[in-house]
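Data block below; observations after.
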Amino acid sequence: MTARAKVLYFASLRDAAGMAEETVEPAGDLRALYEALRARHGFTLPPERLRVAVDGAFARWNDPVREGTEIAFIPPVSGG
């Protein structure tokens with residue numbers, strides 16, 4: 001059975017990916033997952049400009065990706 005995780009995209013990442021979420025087969029840590037998705041979707045933001053959360057709590061980029069988790073990549077946003 002293949003491990004799966006749900007990835008949520010917000011703001012410019014959602015626009016670039018053309019979707020708000022997707023299910024992925026995770027491998028490695030959160031940084032490696034983001035870099036793979038960055039290459040797939042053409043994200044221009046480096047990890048240093050984003051926050052990452054796992055199951056609703058902020059996480060570290062070197063945390064491992066675990067099966068069944070919900071991962072959110074959160075870009076900087078501006079508003080008025």
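Just so you know, all these numbers are worked out from the coordinates, no wet-lab data involved. Just so it is clear, the model here is predicted, and its values are computed rather than measured. Glycine also receives a Cβ, built like all others from the backbone with ideal geometry; neighbour counts cover every protein chain displayed.
For the chain, DSSP calls about 75 percent of its internal beta bridges antiparallel. For the chain, trypsin sites (Lys or Arg not before Pro) meeting the loop criterion (DSSP other than H, G, I, E, B) and having at most 15 other Cβ atoms within 10 Å: Arg4, Arg60, Arg66. By the beta-carbon count within 10 Å of each Cβ, the least crowded to most crowded order of Val54, Val77, fewest first, is Val77, Val54. Between Glu35 and Val77, the FRET efficiency from the beta-carbon distance, with R0 = 30 Å, is close to 0.85. A P(r) calculated from all alpha carbon pairs of the chain, with 5 Å bins opening at zero, reads 3, 16, 30, 28, 16, 5, 2, 0, 0, 0 percent.
Per-residue Karplus couplings for region 48-57, computed as 6.51 cos²θ - 1.76 cosθ + 1.60 with θ equal to phi - 60°, are listed in order as 4, 9, 10, 10, 10, 10, 10, 6, x, 10 Hz, Gly and Pro entered as x. Pairing the Cα long axis of helix 30-41 with the longest principal axis of the chain, what angle in degrees results, from 0 to 90 and rounded to the nearest 10? Long axis of 30-41 versus the principal axis of the chain: about 60 degrees. Taking Cβ atoms as reference points and 9 Å as the exclusive limit, the residues near Pro47 contribute a net charge of +1, counting Lys and Arg as +1 and Asp and Glu as -1.
Loop-resident chymotrypsin sites (Phe, Trp or Tyr not before Pro) (DSSP state other than H, G, I, E or B) in region 35-80 with no more than 10 further Cβ atoms inside 10 Å of their Cβ are absent.
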